[in-house]
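The values are calculated or read from the model by the stated rules, or taken from the named source; none is laboratory data. All values reported here derive from a predicted model rather than from experimental measurement. Cβ: placed from backbone, ideal geometry, glycine included. Neighbour counts: every protein chain shown. With ligands, DNA and RNA removed, areas are computed over all heavy atoms of the protein, side chains included. Shrake-Rupley method; radii C 1.70, N 1.55, O 1.52, S 1.80 Å.
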Amino acid sequence: MNARIVWARILLVVGGLAMLLGAIDPMEGSVLILPGSGLVALGTYVGQAERWLITFRVWVFILIAIGVGALIGLSAVGGIGGRSGHSMWWGLLILPYLIGWTVGIWGPGSPRWIVWLGIPVGFWYLTIFTMALRGGARAGRSIWTGPLLVIATLGLVTIVGCIYRLSRGWRPAAGGLG
């Protein structure tokens, strides 16, 4: 097997694993997801996949980078909501990260194993939503559900996207990298 293809596959596997493992804790895991998406984009390029797939994966990386940059920047200035003095609406700057991650998991050219493992991650996000709602209710305090609804929506979109990709019949990406 060509050394270039071997390196491309290694980059795709390591990057895909980083994206999935980082998703266990979406905030702290962003430091794994960002380089993981970069490795996936690099592996796609090294493997000489079709131009549209390289472009797609680079855009996924850019979306994740923008959102993670906003996440780090907002954390550096004290966060959002509550007593921080910053409106919860600033949280919209983090959306590119969430969109990039979910599309990177079930988007075109994703290996079948990543698509399959995206389903449990989606269910994990629904579990986070449920645990937070129950915890707030049990403590007798009201919680702002906006961020929780975003996490639940991300979980649903991930599950539906993965199932959709699997139901359409999986085909490897050009160059045999999928």
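Using the Cβ-Cβ distance between Arg112 and Trp7 with R0 = 30 Å, the FRET efficiency computed as 1/(1 + (r/R0)^6) comes to roughly 0.90.
Taking all protein chains into account, the per residue accessible area for the chain stands at 55 Å² (1.4 Å probe).
For the chain, the longest principal axis of the alpha carbon atoms and the long axis of helix 95-106 meet at an angle near 40°. On a per residue basis, the convex hull of the C-alpha atoms belonging to the range 79-140 measures out at 91 Å³. Relative to the Cα centre, the charge distribution of the chain, modelled as +1 at Lys and Arg Cβ and -1 at Asp and Glu Cβ, gives a dipole magnitude of about 280 debye. Surface composition of the chain: carbon plus sulfur atoms contribute 71% of the solvent-accessible area (1.4 Å probe, protein chains only, all chains present).
Working note: Karplus 6.51/-1.76/1.60 with θ = phi - 60° gives the range 82-94 the couplings x, 8, 5, x, 10, 4, 4, 4, 4, x, 4, 5, 8 Hz, where Gly and Pro are set to x. Rounded to the nearest 10 degrees, the angle from helix 146-167 to the longest Cα principal axis of the chain is 30 degrees.
Counting only protein heavy atoms and using a 1.4 Å probe, the accessible area of Val77 comes to about 80 Å². Projecting the Cα positions of Leu71, Thr44, Gly107 onto the charge dipole of the range 1-118 (unit charges on Cβ atoms of Lys, Arg, Asp and Glu, taken about the Cα centre) puts Thr44 furthest along the positive direction.
Using C-alpha pairs under 8 Å with a sequence gap of at least 6, the mean separation divided by the residue count of the chain gives a relative contact order of 22 percent.
For the range 80-105 versus the range 1-61, the spacing of their alpha-carbon centroids is 22 Å.
Measuring only protein heavy atoms, the 1.4 Å probe finds Met131 accessible over about 100 Å². Between the listed residues Tyr125, Gly146, Gly22, the Cα displaced farthest toward the positive end of the dipole of the chain, a dipole computed from Cβ unit charges relative to the Cα centre, is found at Tyr125.
Counting only alpha carbon atoms, the long axis of helix 112-138 and the longest principal axis of the chain meet at about 0°.
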